[in-house]
Each structure stands twice: as C-alpha cells, then as structure tokens.
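Step one of this worksheet: look at the structure below.
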Amino acid sequence: MSMPNLRACLCVAIVASAGSTIGRAQEGPGLGVPATPEQVSGWAISILPDGTGLPAGSGTAAAGAEVYAEKCVACHGVDGAGMPNDQLVGGHGTIATATPVRTIGSYWPYATTVFDYVRRAMPLVAPQSLTNDETYALTAYLLHLNGIIDEDDVMNARTLPRIEMPNRDNFVRAVP
C-alpha cells in the first residue's frame, strides 16, 4: 500500500473511532441512577445574599448558645475559638496581613451565607439535621460572638439579610 493510501486509511479509521467514542460519551458510563425530583429538592436550599430562599423560623444568640454547646463545641471549641476544626470568632484586622485569620466576623461578606452554610453542612456528622429555628439561633450566636449583633437580637428571614458584615465592602462582585 502506498503512503498516501495508508494515510487515508488511518484518517478514516481515526474518524470512525472518534465517532463511536463520541456516541458512547454522550450516553454516559452507565453509573448510578438519575436523581428523583424529591432528592434534588432536598438539596435545592441555596440562600442568596439578599435573603431570597430563607425559610420561616427565628432564633436568638441565647438560644443558639445552647445549640452550639450541644452540637458544635466539640469541633469548634469554646466560644468558637477553634480546634480541632476552624476558628469561627476573631481575626479582626488580619485579612490584609501576611497571616489572615478568616472567621465569620473577619472575612464572611453576608450573614445569610452563614445561615446557608450552617444549614447545608453542619453539624459535620449530620448535615441538614438542624431545624430552621436552630439554624437561625446558631447563626445569631455566631454573629453575637463576633460582636456583630446583640445577644437578644432576633434573627429571621427579615432581619438576617439586613446585617452588615464587617468585611462586606472588601469583596468585588464578579457579576453585575
């Protein structure tokens, strides 16, 4: 077989092979099963910075202290000091330094993000196990520990988005 004919045969074989690979890739590897609408809705719980998506419920720092003592202190230490997991309190004035301490009070831009994260991911061993009231109370407690709200301030879907976080203006929105 001449060299041009060999090249033509190889090109046809490569194109044919790629075509069959593309068809298989579009079908997928055949792993798992499609998620049901009920399964998807259980994780469709995002909270936007403006409070869109916040559920009914409420809580105060005083109530949150009890939830924290029961479900958080083992991982985050007394008063959110950290150890063995992340420090939640302090770090003010460190963000622009060589050793920033990123806590709720020093780094996070929105109080609604605290609620969203706590509800979605905490406690680590049982995510999404807190009630809405427990989540609002725990969020209030964490905000109070960081000196952002008073102990008796009530956090709910109306009040939480109004909280001005200390580092809020140091973030740049990538999308208008």
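Identify, please: which residue in region 116-140 is crowded, with 17+ Cβ neighbours inside 10 Å and out of contact with any strand residue (DSSP E or B) (no Cβ under 8 Å at 6 or more places or on another chain) and is, among those, farthest from A65 (Cα to Cα)?
Among them, the one singled out is D116.
Residue-by-condition table, conditions (1) touching a Cys at 6+ places or on another chain (Cβ under 8 Å); (2) of a type outside the set (A, V, I, L, M, F, W, C); (3) more than 20 Å from L48 (Cα to Cα):
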{"position": "G90", "(1), (2), (3)": "no, yes, yes"}
{"position": "D116", "(1), (2), (3)": "no, yes, no"}
{"position": "A121", "(1), (2), (3)": "no, no, no"}
{"position": "A140", "(1), (2), (3)": "no, no, no"}
{"position": "L145", "(1), (2), (3)": "no, no, yes"}
{"position": "T159", "(1), (2), (3)": "no, yes, no"}
{"position": "E164", "(1), (2), (3)": "no, yes, no"}
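Taking interchain pairs and intrachain pairs at least six residues apart, which have beta carbon atoms under 8 angstrom, with the first residue in region 114-131 and outside any loop (DSSP other than H, G, I, E, B) and the second loosely packed, with under 14 Cβ neighbours inside 10 Å?
Cβ pairs passing all conditions: D116/I45; D116/S46; R119/I45; R119/Q128; R120/I45; R120/P127; R120/Q128; A121/P127.
Going through V154, V118, V125, V175 one at a time, which residue ends up being modelled with pLDDT under 95 and in the same structural domain as V73 (by TED's automatic domain parsing)?
V125
Report, by residue number, each residue of region 144-176 that is outside any loop (DSSP other than H, G, I, E, B) and either surrounded by fewer than 16 Cβ atoms within 10 Å (Cβ to Cβ) or under 17 Å from the mean Cα position of the chain (by Cα) (or both).
Listed by number, the residues that qualify are L160, P161, R162, R168, D169, N170.
Report the residue count in region 38-54 for those that are among the small types (G, A, S) and either surrounded by fewer than 12 Cβ atoms within 10 Å (Cβ to Cβ) or not in a loop (DSSP other than H, G, I, E, B) (or both).
The total comes to 4.
Could you check region 55-90 and list, in sequence order, the residues that are buried (at least 16 other Cβ atoms within 10 Å of the Cβ), within 17 Å of I149 (Cα to Cα) and of a type in the set (G, A, S)?
Selection gives S58, G59, A61, A63, G64, A65, G80, G90.
Report, by residue number, each residue of region 46-82 that is in contact with a Gly (Cβ under 7 Å, 6 or more places away or on another chain) and farther than 16 Å from P123 by Cβ.
Result: S46, I47.
Under 6 Å between Cβ atoms, which residue pairs at least 6 apart in sequence (or on different chains) link something in region 74-94 that is more than 16 Å from Y141 (Cβ to Cβ) with a partner that is β-branched (V, I, T) and surrounded by 15 or more Cβ atoms within 10 Å (Cβ to Cβ)?
Cβ pairs passing all conditions: G91/V101; G91/T103; T94/V101.
The values are calculated or read from the model by the stated rules, or taken from the named source; none is laboratory data. What you see is a predicted model, and the numbers here were worked out from it, not measured in a lab. In this analysis, Cβ positions are derived from the backbone assuming ideal geometry, glycine residues included, and neighbour counts consider all displayed protein chains.
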